[in-house]
Structures are given as C-alpha cells and as structure tokens.
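Presented below is the structure to which this report refers.
None of the figures in this text is laboratory data; all of them are computed from the coordinates on show. None of the values given here were measured: they were computed from a predicted structure. Counting neighbours? That spans all protein chains shown, and the Cβs are built from the backbone with ideal geometry, glycine included.
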Amino acid sequence: MPKFLGKVEFPVTIELGRGLEGAITNITKIGYVDGEAGHLNYRGYPIEGLCEHGNYSEIAYLLMFGKLPNRAEQDAFSAKLQAGAPLPPAVVKVIDALPKDANPMNALQAAVAAAGCVDREAGMVATHASDPASSIETETNVGIRVLSVTRTAAAYIARSREGKPIVTPDSSLSFAANYYYMMTGQKPDAITTKVMDVLLILQADHGMNASTFAAMIVHSSMSDMYSTVAAAIGSLRGPLHGAANQAALDDLLTVGGPENAKAWVEDRMAKGQKVMGFGHRVYKAYDPRATVLKRYAEQLCKQRGMEKIYQTAAAIEEHVLAAMKQAGKPIFPNVDFYSGVVYHVLGFAAPFFPVIFAVGRTAGWVSRVLEYLPENRLFRPRAVYNGDTDLKYTPMSDRK
Ligand code: ACO
C-alpha cells in the first residue's frame, strides 16, 4: 500500500485550518457530503431515496458492504444483528452500577467498553495481521455485534435510569422498531417505525466528522472495535457535535411559541450567541438531512397533536435565516434542529437524543474503519511547536 495518496508528498507545504480543516484523512467510497450543493449520499445513493424506501438495517449493510443487500444477504445480516442483540449480563451489571443521573453518553461509552470485555473476538484484528482476509472477516462480524449491542445498551440505559426492567429484543421486529420497543416497552406503529428508521438512516454516516475521525484514529492503532466505538461516542457527546439537538430543543421549549421567536432570535443575535441546530462546518447550503426531517417532524407533530412545537421551530428557522441573510453568512438549519423536535414528539428525554444519534452513527463508524483496514496506517499528525526552548530547570525553592 503506498504511503502517500495521489500527488501529496511528505513533507509538503499545505494550508490547514484550525481543527484540521482542509486535511484529507484517506480515500473513501462510503459516503459523500457536498456542502456547497447541500447533497449527501451513501455509497452513491442520495439520502432522500434511502430514507423514503429503505430501512436502517438495509442501509447499515449498504454502508458496510458497499451494495444494497439481496434477500439472502439481508436475512443473514439480520440474523447476525439478532444474535448480537442480547445484552451480556456483565454489561447489564455495569449499567445498573452507574448513577441514574449520569450523562447517558458516558453510560453508553462505559457499556460499549464493557461489552468489549466479554466479546472474545474483540481485538483479534491485531493477532490476524499476517492474514488480512481473516482480519477483515473477523472484524466485520465484530462490527455487526458492536452495532447491535450498542443499540440494546442504549435502550437499557434509558430504562435503567427510570428504574424500569430491561426489555429483551424481539426478533420479529426490524432493527429500528426493536430499538424503540426496547426503549419504551411499546411496539411502535407504522409511522413511528418509519420515523425511527429515517432518524437512524440520516445519522448513519456523514463524512470525516469529529467522531468518525476519533473512531479512525483509535482503530488505526489496531485497537478493537469496541474501544473504537466507545471513543467515537465520547467525541459525539459534545454540544458542538452530537449534543446540539438537545441544546436546540432546550431553546425551542424556552421560546415556547412561534409568536416569541422573532424577539428571541434578535436577542440572541444581538448578544452574538449561536443558535443551536444551525450552521455546519461542511454545509454552506441547507442540510439535506434537515430537509427530510423537517417533513417528518411536521407529519409527526400533526399526528400527535403537537403542532405548536413544529410551528415554533419553523418560526425560529425563518427568523434565523432572515438574520443570516442580512449578515451575509451561509448558516442554515442542520440535522440537529429538527431531530430534537422529532425525538421530543416521540417522547424521548433530551439527554437521550445524542444516544439515539450514536446508535445510528455506529454503522458509519464501523464501516469507515473496516474500509480503512486493508490499507491501515497509524494516524500520526504533527503539531507546530511555538513554545520556548532551552529553558533552565529551577529548583522549587527559587520559583516565584
Ligand atoms: N448561530 C449563529 N451564528 C452562527 C452559527 C449559529 N448556530 N453558526 C455559525 N455562526 C456564525 C459564527 O458566529 C461565525 O460568524 P463570524 O464569522 O461573524 O464570526 C460564522 O457564522 C461562521 O461560523 P463558524 O463557527 O466559524 O463556523 P464553523 O464551521 O466553525 O462552525 C459549527 C460549525 C461548530 C457547527 C457552528 O455552526 C455551531 O457552533 N453551530 C451550533 C452548534 C450545532 O448546531 N452543532 C451541530 C452541528 S451538526 C452535527 O454535528 C450533527
């Protein structure tokens, strides 16, 4: 495998933004975000069609294997997901031992790491290094188990927090419906199942974002898939990444009604504060995921008689867009703005929004590291040192 990609040679003079903006990690076929056009595809399929026609497990297969599954492939994949779904007793104990008010993302990180302690094939990739085909097959199967167990752990964390017993997975349900069922104890109706699928699909992959890069960095040291996903969960936890939907919903509830939106947005802008759920490092156009979710948010709010929250969100959007247009900044709603609305209307508590995001994104994390595995090279960027040199050590008694 060549050490260098394309014409890039080392050392090179390149312009890099803070936060590695502009840096290229690798070459991928998994997904493409066209930020200028507001377009997202997975393996060449535009996201809109995948949401309309697909379900999450089919799309997870597409991301991992590069093609939409035929019936036999889908059945085999679903059987593997089901086999990996039950929560190992050790993981149940870990979740039960955590404080009920712990941040659910921290709890999910701990649960996934604990699941890695009981999967005997976790970390086998390093021992198979001399046999790449076997490494990839083993790691793919571990990845499918991580995806499944992350969902079950996420569901139980939500229940355990409320002192409710675990709901065992129901193999007759789809991946998304089963997740809802294990979280709430209720079998979802058709529209709820569809919305769960759309939420998970829309969050399944999104270029080389912070959590995906975290996953890539960890796995590139030939670490195991559970450590990889746990690290990515840690990155997704932050309000600039996966927890923005929680903050966006808090704002929405504070605004309270569409009639208050204008004054609230103006106040926010006057104070130079960001509006959560708007703006994106890559999209300089309307986030296509927000377009899809906005439509489902409207439908769901109508179906559940909660139109006011949708109207408040739409009013905030209208005023932020007007303010941004006036300021000449390409800031639009991102996926988190309307995902917060949808989660809330589905009855999920705000601290769990990033957890649901993490379950969806696990397919992307796993797919990206599996794609990188055959050409694996440890990530090792450099920092520019501009500190002092040649300082003399002073004994503590002489220090000010
Ligand atoms: N509200 C108001 N103004 C904003 C917003 C916002 N949400 N986002 C960016 N701007 C403004 C900035 O203040 C800045 O203005 P300036 O040039 O006058 O200083 C300009 O737009 C450019 O913004 P940056 O912060 O430089 O853009 P960047 O690409 O670094 O930021 C980010 C992207 C971090 C997502 C930012 O838009 C933000 O903080 N948004 C709110 C948090 C959020 O919604 N995060 C979810 C991202 S999507 C995801 O992770 C799934």
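Using the Stokes-Einstein relation with a Kirkwood hydrodynamic radius computed over Cα pairs, the translational diffusion coefficient of the range 60-186 at 4 °C and a viscosity of 1.567 mPa s comes to 83 µm²/s. Ignoring lysines fewer than eight residues from Lys392 along the same chain, the ones with Cα atoms less than 17 angstrom from its Cα are Lys400.
I need the chymotrypsin sites (Phe, Trp or Tyr not before Pro) found in the range 88-197, filtered to DSSP loop residues with at most 12 other beta carbons within 10 Å of theirs. Intermediate values should be presented prior to the final figure.
Working: sites: Tyr156, Phe175, Tyr179, Tyr180, Tyr181; in loops: none.
Sites meeting the loop and neighbour criteria: none at all.
Annotation: peptides 137-148, 296-307, 382-393, ranked by per-residue average of other Cβ atoms within 10 Å with the highest first, follow the order 137-148, 296-307, 382-393. Within the straight-line cut-off of under 21 Å between alpha carbons, the lysines reachable from Lys325 are Lys262, Lys271, Lys274, Lys284, Lys294, sequence neighbours fewer than 8 places apart in one chain being disregarded.
Evaluate the range 244-346: find the radius of gyration of its Cα atoms, find its Kirkwood radius, and give the ratio Rg to Rh.
Numbers: Rg = 12.6 Å, Rh = 13.4 Å.
Here the Rg-to-Rh quotient is 0.94.
Counting other Cβ atoms within 10 Å of each Cβ, which trypsin sites (Lys or Arg not before Pro) in the range 44-126 have at most 16 and sit in a DSSP loop? Don't skip to the answer; put the middle values down first.
Numbers: sites: Lys67, Arg71, Lys80, Lys93, Lys100, Arg120; in loops: Lys67, Lys100, Arg120.
Sites meeting the loop and neighbour criteria: Lys67, Lys100, Arg120.
Relative to the current alpha-carbon distance between Glu21 and Glu137, full extension at 0.36 nm per residue lengthens the span by 38.4 nm. Largest first, the extents of the alpha carbon coordinates of the chain on the three principal axes equal 60, 57, 52 Å. Cross-link partners for Lys67 among the lysines, with Cα-Cα distance under 22 Å and sequence neighbours closer than 8 places in the same chain left out: Lys29, Lys80, Lys194.
Each Cα pair under 8 Å and six or more residues apart adds its separation to the average, and for the range 244-346 the resulting relative contact order is 47 percent.
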